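Asker: What follows is a single structure, and I will ask about it in a moment.
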Amino acid sequence: MKKKLTLIIALVMVLSIVLMSAGCGKSNNNSTSSSSSLKGQKITVILPQNEADTVGFRAAKTKEFEKETGIQVELIEKSWEGVSDDVTGDLASGGGTYDVIEFDNSWIAKFIKNQWVAPLDQYMTADMKSGMVPGLLDLFSSGGKHYGIVWNNDTRFYMYNSKMLADAGLSAPPKTWDEVAALSKKTGKNAYMDTYKQEQMGTNELMFCVYSFGGNFVDDQGNPIVSTDPGVKEAYTWLAQAYKDGVFGKATLTMDYEEVAQSFNNGDFPLMLQAWPGVYADSNDSTKSKIVGDVNVADYSVSKTGNEQVVLTLPEAMAITSTSKHKEAAWKYIEYMSSKSMDKERALQIGALPIWSSLYNDPELLKKYPYWEQFGKQAQNSKGYPKIVWVDSFSDIVAKESQKILSGSVTVDQGLNEMQKLMLDAQKAAAQQ
Amino acid sequence: MKTKPLKKREKEPFFERHLGPILITPSTLVIFGILFIPIFYALYMSLNRISFRGADTIYKFAGLQNFINLFTTDPWFKSSFLVTLLFVMLTVATEIVIGVAASLVLNKKFHGRGFVRGLMILPWAMPTVVNAVMWKWIFNAEYGAANGLLLKLGLIKTSIAWLGTPRMAFFCVFLANVWKETPYVILLAIAALSTIPEDLYEAASIDGAGGWKAFWRITLPMIKPVLLILLITKTIWAFQTFDLVAIMTSGGPQNATNLLSYYIHFVAFKQTDFGSAAAMSYVLSMICFALSFVYIKVFMNKDENDEKKIKKHLKKKLAGAHEG
């Protein structure tokens with residue numbers, strides 16, 4: 001009896017070791033995507049749950065996709081930062097976990113250089129290539145190949161609270177940065193709030209300011225020009241003075257996007273310089289906003305003289321990992337979620353900007369979103385992150401050094417010189433990798 | 001206990017003879033898998049420059065260059081390192097001082113002691129992420145409770161951007177950490193206090209020692225082993241602080257809260273420079289190891305001698321008093 005018991009314990013131990021080793025090792029499931037049917041295949045999709053989809057549109061449509069195709073989808077949605085960590089960590093360790101991933105506009109150079117994403121040209125139809133907004137397709141392309149299909153056309157627009165402006169005696173929103181400062185001086189309150197936080201979102205908004213002064217952080221070859229570009233210096237000089245004068249709130253150094261939007265919808269300040277499309281819908285939703293009916297979209301964006309028109313574009317795409325074992329099923333998911341009919345439905349439901357060009361002239365959409373006409377005018381010159389491999393270091397340097405300049409810890413010149421030095425070092429380090 | 005003669009044991013079945021090693025093998029394998037392999041792999045990574053091509057990871061031997069770069073070319077490592085040291089020293093000292101003081105109070109008998117003790121544990125029982133989000137909102141410049149309270153009390157006239165200036169942000173993260181971690185000190189200190197025999201205090205009282213003297217001469221030496229454990233674990237945990245910074249400040253403003261754990265995460269997962277990140281992790285681990293070693297050397301030997309001396313001295317006195 002004792003011997004038997006000992007034998008059973010030993011067997012259980014051996015079995016558990018075997019099972020553990022099997023669990024620790026990589027799956028050897030070689031089910032190929034070339035099988036006759038994709039039904040029953042399982043793909044893993046990881047995308048951020050962000051301000052663009054507050055009603056769970058993606059999750060609902062993913063369920064419909066599963067029903068229609070028989071392809072199982074494990075949909076992972078978390079914060080952008082969380083997705084960024086998971087995707088980078090997985091791909092850097094050889095990949096294999098995800099089939100469809102978030103492909104942010106700031107990752108393009110790095111992901112393509114590391115061969116982490118697969119070209120989509122073999123799957124894309126002619127309709128897609130000719131019908132999708134050319135700028136969005138081009139942005140996620142390199143060497144003549146397409147790598148991503150946009151799911152979030154995250155282009156920013158200048159919105160304002162017309163009632164607050166009328167109370168301040170203005171009939172139109174400020175067109176120049178000096179007019180923004182004058183508005184604050186007149187009312188004795190913050191003219192705007194934004195996020196200049198030590199994070200990528202902070203860099204986004206600082207980039208807009210620099211672009212709108214006609215400046216650039218890097219030249220066309222990706223070389224840093226921060227200390228010599230006059231537009232950069234003018235932008236930071238204005239920002240440092242505006243911080244002192246209270247043109248924008250001091251909390252801007254710590255707020256994130258959601259907090260800024262919430263504050264705007266509470267009627268705390270009149271200008272939202274780079275609002276994403278969903279802000280307009282939220283500001284007119286009485287359950288979320290105290291300024292229903294007061295928000296308008298300008299025909300222009302704020303700039304140095306009124307001529308340097310630019311808006312920020314930070315689109316996010318879906319891409320297929322180069323290590324995916326179910327590329328065709330993954331493509332089916334991307335195709336389904338970015339079809340023209342789905343794009344229209346998404347626009348109708350959550351106010352997302354379409355990725356198909358023709359939908360900007362769709363009568364039903366224009367009836368629901370008449371302000372898209374103004375969006376169109378502002379979006380004529382949209383600009384995003386520079387396509388550089390060291391973009392994460394770039395973003396980090398801009399966010400950290402800008403805070404020193406804004407708060408007066410260093411002068412504008414000192415801050416920009418330091419930024420230049422750090423960027424050159426980062427560029428050099430990236431080249432050595 | 002008698003042991004069986006070797007010959008007799010050899011006749012036993014294999015599994016019976018080796019049951020001990022067999023039983024500990026799975027846990028040894030798990031420990032080896034989750035502890036030693038990553039440690040050695042991280043060392044290997046720290047000695048290489050790492051790049052990626054599709055599913056392949058390319059290692060290029062770099063010797064100690066990643067370590068050297070931390071102190072020569074890395075723009076943020078030194079400041080991050082100093083901020084971390086300051087954070088560790090301040091939080092560990094504050095948590096232990098407040099924790100021991102609170103445990104002395106909670107060790108006294110008073111009405112509702114159990115309830116208060118339970119209440120004290122709450123912050124520690126709360127998940128760190130929840131704690132961080134809570135403090136982030138408390139210190140929110142626009143809607144935060146801190147500003148709301150101070151404004152209502154008339155102590156400030158305009159809202160303070162708590163997380164907007166370097167010193168203030170550092171203080172806020174420090175406060176959030178102390179609030180979360182002090183209950184653990186209280187918990188262990190109360191447990192240690194309850195083991196001190198009452199007769200030691202009686203003897204000290206006969207000797208004419210007051211409360212303060214009794215604390216220094218009896219309480220503190222008697223709870224020293226627990227304090228040593230607290231000192232080691234608190235130091236290691238403080239070095240590992242990540243969630244608070246990630247949620248409350250993202251390392252800002254101006255890098256004032258960019259603690260090493262957070263910075264390592266940034267270098268690894270944002271810059272995808274896994275070689276440098278592994279080197280930083282090793283530096284951090286070595287510091288923790290060295291500090292633990294120093295703590296043990298300094299406190300443990302002295303501690304054992306002190307305890308023996310006190311017990312011997314007080315028992316002698318107590319015996320004398322009873323005889324008298």
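The values are calculated or read from the model by the stated rules, or taken from the named source; none is laboratory data. Small disclaimer: the values here were computed from a predicted structure and weren't measured. Here the Cβ positions follow ideal geometry from the backbone for every residue, glycine too, while neighbour counts run over all protein chains shown. Only protein heavy atoms, including side chains, enter the accessible area calculation; ligands, DNA and RNA are left aside. Shrake-Rupley method; radii C 1.70, N 1.55, O 1.52, S 1.80 Å.
Asker: In segment B:76-308, if the dipole is taken from +1 on Lys/Arg beta carbons and -1 on Asp/Glu beta carbons about the Cα centre, which of B:F174, B:Y143, B:F274 is farthest to the positive end?
Answerer: The Cα lying farthest towards the positive end belongs to B:Y143.
Asker: Next question. Suppose every K and R has +1 on its Cβ and every D and E has -1 on its Cβ; what is the size of the dipole of segment B:76-308 about the Cα centre, in Debye to the nearest 20?
Answerer: 500
Asker: Related question: Using a 1.4 Å probe on protein heavy atoms, which residues of segment A:190-224 have at least 10 Å² less accessible area in the complex than alone?
Answerer: With the partner chains in place, segment A:190-224 has these residues losing at least 10 Å²: A:M193, A:K197, A:Q198, A:E199.
Asker: Whose amide H sits under 5 Å from the amide H of A:K383, counting only residues 5 or more places off or on another chain, with H placed in the peptide plane?
Answerer: Distant-sequence amide H within range of A:K383: A:V311, A:L312, A:T313.
Asker: Using 0.36 nm times the number of residues separating A:Q380 and A:A126, minus their current alpha carbon distance, what extension gain do you get?
Answerer: 88.9 nm is the gain from fully extending A:Q380 to A:A126.
Asker: Suppose every Lys and Arg Cβ carries +1 and every Asp and Glu Cβ carries -1, with no other charges. What dipole size does chain A come out with about its Cα centre, to the nearest 20 debye?
Answerer: In total the dipole reaches around 1180 debye.
Asker: Another question about this same structure. Put +1 on the Cβ of every Lys and Arg and -1 on every Asp and Glu Cβ in chain B; which of B:F115, B:I296, B:W162 then has its Cα farthest towards the positive end of the dipole?
Answerer: B:I296
Asker: Whole number in Å², please: accessible area per residue of the protein assembly as shown, 1.4 Å probe, ligands, DNA and RNA not counted.
Answerer: Value returned for the protein assembly as shown: 47 Å² of accessible area per residue.
Asker: For B:K312, go through the lysines and keep the ones whose alpha-carbon is under 16 Å away, minus same-chain ones fewer than eight residues off.
Answerer: Within the straight-line limit of under 16 Å, B:K312 reaches these lysines: B:K302.
Asker: In Å², nearest 100, what accessible area do chains A and B bury in total when the solvent probe is 1.4 Å?
Answerer: 4000
Asker: List the residues whose amide H sits under 5 Å from the amide H of A:V218, counting only those 5 or more places along or on another chain, with H placed 1.01 Å from N in the peptide plane.
Answerer: When sequence neighbours closer than 5 places are left aside, the close amide H contacts are A:I225.
Asker: Can you list the residues in segment B:127-169 whose accessible area drops by at least 10 Å² when all protein chains are present, compared with the chain alone? Use a 1.4 Å probe, heavy atoms only.
Answerer: B:K136, B:W137, B:N140, B:A141, B:E142, B:Y143, B:A161, B:L163, B:G164
Asker: Right, another one. In whole Hz, what ³J(HN,Hα) sequence does segment B:272-283 give by Karplus (6.51, -1.76, 1.60; θ = phi - 60°), x for Gly and Pro?
Answerer: My calculation for segment B:272-283 gives 6, 9, 6, x, 5, 4, 5, 4, 4, 4, 5, 4 Hz in order.
Asker: Going toward the positive end of the dipole of chain A, with +1 on Lys and Arg Cβ and -1 on Asp and Glu Cβ, which of A:Y333, A:Y147, A:G215 do you reach last?
Answerer: Of A:Y333, A:Y147, A:G215, it is A:Y333.
Asker: What translational diffusion coefficient, in µm²/s and rounded to a whole number, does the Stokes-Einstein relation yield for chain B at 4 °C and a viscosity of 1.567 mPa s, taking the hydrodynamic radius as the Kirkwood radius over Cα pairs?
Answerer: Here the translational diffusion coefficient equals 54 µm²/s.
Asker: Using just the helices of the protein assembly as shown, give the 222 nm mean residue ellipticity in deg cm²/dmol: DSSP H runs with n ≥ 4 each add -39,500 (n - 2.57), and the total is spread over all residues, rounded to 500.
Answerer: -17500 deg cm²/dmol
Asker: Cut-off 10 angstrom, C-alpha nodes, Gaussian network model of chain B. Which of B:K234, B:K152, B:K60 fluctuates the most?
Answerer: Maximum fluctuation in the GNM of chain B, among the listed residues, is at B:K152.
Asker: Calculate the spin-label point distance for A:Q432 paired with B:T73, positioning each point 7 Å from the Cα along the beta-carbon direction, and give it in nanometres.
Answerer: Here the answer is 0.2 nm between the modelled labels.
Asker: Can I ask one more? Where the only charges are on Cβ atoms (+1 Lys, Arg; -1 Asp, Glu), what is the dipole of the protein assembly as shown about its Cα centre, to the nearest 20 debye?
Answerer: Dipole about the Cα centre, nearest 20: 3800 debye.
Asker: As an exercise, use a Förster radius of 41 Å and the Cβ-Cβ distance of B:F14 and B:I229 to find the FRET efficiency, rounded to the nearest 0.05.
Answerer: With R0 = 41 Å, the Cβ-Cβ based efficiency is 0.50.
Asker: If you don't mind, there's one more thing I want to ask. With a 10 Å cut-off between alpha carbons and a GNM built on chain A, which of A:A60, A:A118, A:A251 moves the most?
Answerer: The residue with the greatest mean-square fluctuation here is A:A60.
Asker: Okay, moving on. Averaged over B:247-258, how many beta carbons belonging to a partner chain fall within 10 Å of each residue's beta carbon?
Answerer: 6
Asker: Another question, then. Kindly express, to the nearest 10 degrees and within the range 0 to 90, the angle between helix A:340-350's C-alpha long axis and the longest C-alpha principal axis of chain A.
Answerer: Relative to chain A, helix A:340-350 is tipped by roughly 60 degrees.
Asker: On to the next question. In whole Å, largest first, what are the principal axis extents of the Cα atoms in the protein assembly as shown?
Answerer: 102, 74, 51
Asker: Pick from A:N284, A:N153, A:N265: which residue has the top mean-square fluctuation in a GNM of chain A where Cα pairs under 10 Å get a spring?
Answerer: In the Gaussian network model the winner is A:N284.
Asker: Continuing with the same structure: Quick one: Debye curve from the alpha-carbon atoms of chain A only, equal weights, vacuum; give me log10 I(q)/I(0) at q = 0.09, 0.14 Å⁻¹ to two decimals.
Answerer: -0.62, -1.33
Asker: Students often get this wrong: which residues of segment A:72-102 have the backbone nitrogen under 14 Å from the point 7 angstrom along Cα-to-C-beta of A:K42?
Answerer: A:72-76, A:97-99
Asker: Which of rounded, prolate, oblate describes segment A:45-157, given a ≥ b ≥ c as roots of the alpha-carbon gyration tensor eigenvalues and a/c under 1.5 marking rounded, otherwise prolate only if a/b is larger than b/c?
Answerer: rounded
Asker: Using a 1.4 angstrom probe on protein heavy atoms only, which residues from segment B:32-77 are buried by at least 40 Å² of accessible area when all chains are present rather than their own chain alone?
Answerer: By number: B:R49, B:F52, B:R53, B:G54, B:A55, B:W76.
Asker: Taking the 0 to 90 degree range and rounding to the nearest ten, how far is the long axis of helix A:327-337 tilted relative to the main principal axis of chain A, both from C-alpha atoms?
Answerer: That works out to roughly 40 degrees.
Asker: Cα to Cα, under 14 Å, and not fewer than 8 places away if on the same chain: which aspartates and glutamates meet these conditions relative to B:K109?
Answerer: B:E198
Asker: Given R₀ = 25 Å, what would the calculated FRET efficiency be for A:E64 paired with A:D285, taking r from the Cβ atoms and rounding to 0.05?
Answerer: Result of the calculation: an efficiency of 0.50.
Asker: While we're here: Rounded to the nearest 0.05, what FRET efficiency do B:S27 and B:K312 give with R0 = 45 Å and r taken as the Cβ-Cβ distance? Could you check?
Answerer: It comes out at approximately 0.60.
Asker: Let me ask you something else. For helix A:2-24, report the angle its Cα long axis makes with the longest principal axis of the Cα atoms of chain A; keep it between 0 and 90° and round to the nearest 10°.
Answerer: 40
Asker: Longer than 29 Å from Cα to Cα, which of A:K163/A:K368; A:K129/A:K327; A:K189/B:K78 are they? Say none if no pair is.
Answerer: A:K189/B:K78
Asker: Measure off, as a whole percent, the carbon and sulfur share of the 1.4 Å-probe accessible area of the protein assembly as shown, all protein chains present.
Answerer: 61
Asker: Moving on. Aspartates and glutamates near A:K428 by alpha-carbon distance under 20 Å, same-chain residues fewer than 8 away left out - which ones?
Answerer: List returned: A:D219, A:D220, A:D392, A:D396, A:E401, A:E418, B:D74, B:D273.
Asker: If I model a spin label as a point 7 Å beyond the Cα along the Cα-Cβ vector, how far apart are those points for A:D413 and B:Y295 in nm?
Answerer: Using points 7 Å along Cα→Cβ, the separation is 4.9 nm.
Asker: Which ³J(HN,Hα) values, rounded to whole Hz and listed in residue order, are derived for segment A:244-259 from phi using the Karplus coefficients 6.51, -1.76 and 1.60 in 6.51 cos²θ - 1.76 cosθ + 1.60 with θ = phi - 60°, glycine and proline given as x?
Answerer: 5, 7, x, 4, 10, x, 5, 5, 4, 6, 10, 6, 10, 4, 4, 5
Asker: Over chain A, what is the mean sequence separation of C-alpha contacts under 8 Å (at least six apart), divided by residue count, expressed as relative contact order in percent?
Answerer: Dividing the mean separation by the residue count of chain A yields 24 percent.
Asker: Right, next: Output the pairs from A:K288/A:K400; B:K213/B:K297; A:K78/A:K325; A:K244/B:K157 with a Cα-Cα distance over 21 Å in this structure; if there are none, say none.
Answerer: Where the Cα-Cα span goes over 21 Å, the pairs concerned are A:K288/A:K400; B:K213/B:K297; A:K78/A:K325.
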